Structure formats: C-alpha cells, structure tokens
Amino acid sequence: YSATKAGVIGFTKALAKESARFGVRVNAVAPGPIDTPMVRAADAFGEIGQRMVQGMIDSTAMKRLGEPDEVAAAIAYLASDEAGYVTGETVGVSGGLGMM
C-alpha cells in the first residue's frame, strides 16, 4: 500500500511537471478513513470489525471518519478555477491522519 501510494504521488508530480507547459494541472487526492459502505461493512465481523473501525477513527487527529462529501469538496476545488495555480500536489483529506 505504501509503495503504491508513493508511486501515485511521484507519478502526479512527474505528470504535472511535463504537462504544466500546456496549461494542464495534475493533482492527487489522498483520502484517509472515510465513512463508506465498505468501512461500515466491517460491523458484520462483530467485535473485531468494530475494533478495526475504532482503530481507524483513533488514528486521525479529528477522531472521526471523514464523509464522502468532504473528499468530493477537495476534488471540486482542485477542478475549479480557484485552484488555477495548484499543480503537482497531493491533497490529504484524512482528518489529520498524517500528523499522528
């Protein structure tokens, strides 16, 4: 997982560098633990699944799961004209997961 994530970040930077001269911006979004049906399906595994979800929550500075709309908002920003000078960046939408 870590190697793949590093590869995506490196690819984002390399592609941004190559495409910037054409006015093309390239960015990535790195979500943390998000409240999705897949995460909530862990409850089906009883106490083990509940501990897994709680572990995800505890791993964030904000002590909660993110919402899909919060990830969508970051993507909408990066796709907007307001982000016209943003390229080669990876935006973490993780509730502070990287700080822990």
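The values are calculated or read from the model by the stated rules, or taken from the named source; none is laboratory data. Note that the structure is a prediction, hence the values are computed from the model and not measured. Positions of Cβ are generated from backbone atoms using ideal geometry, with glycine treated the same way; all protein chains shown enter the neighbour counts. Heavy atoms of the whole protein, side chains included, go into the accessibility calculation; ligands, DNA and RNA do not. Shrake-Rupley method; radii C 1.70, N 1.55, O 1.52, S 1.80 Å.
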For segment 37-56: of the residues being surrounded by 12 or more Cβ atoms within 10 Å (Cβ to Cβ) and of a type in the set (A, V, I, L, M, F, W, C), which is farthest from A72 (Cα to Cα)?
F45
Out of segment 61-89, which residues are touching a residue at least 40 places away in the same chain (Cβ under 8 Å), outside any loop (DSSP other than H, G, I, E, B) and either over 25 Å from P37 (Cβ atoms) or open to solvent by 60 Å² or more (accessible area, probe 1.4 Å) (or both)?
I75, A83
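A quick yes/no check of all residues on (1) within 25 Å of S2 (Cβ to Cβ); (2) of a type outside the set (D, E, K, R):
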residue	(1), (2)
S19	no, yes
V24	no, yes
Q50	no, yes
Q54	yes, yes
E70	yes, no
I75	yes, yes
Given the condition farther than 26 Å from F11 by Cα, open to solvent by 30 Å² or more (accessible area, probe 1.4 Å) and polar (S, T, N, Q), answer yes or no: does some residue in segment 26-36 qualify?
yes
Looking at this structure, is D81 at pLDDT 95 or above, of a type in the set (D, E) and over 17 Å from the mean Cα position of the chain (by Cα)?
yes
List the number of the failed condition for S19; all other conditions in (1) over 21 Å from G98 (Cβ atoms); (2) among the polar types (S, T, N, Q); (3) open to solvent by 90 Å² or more (accessible area, probe 1.4 Å) hold.
(3)
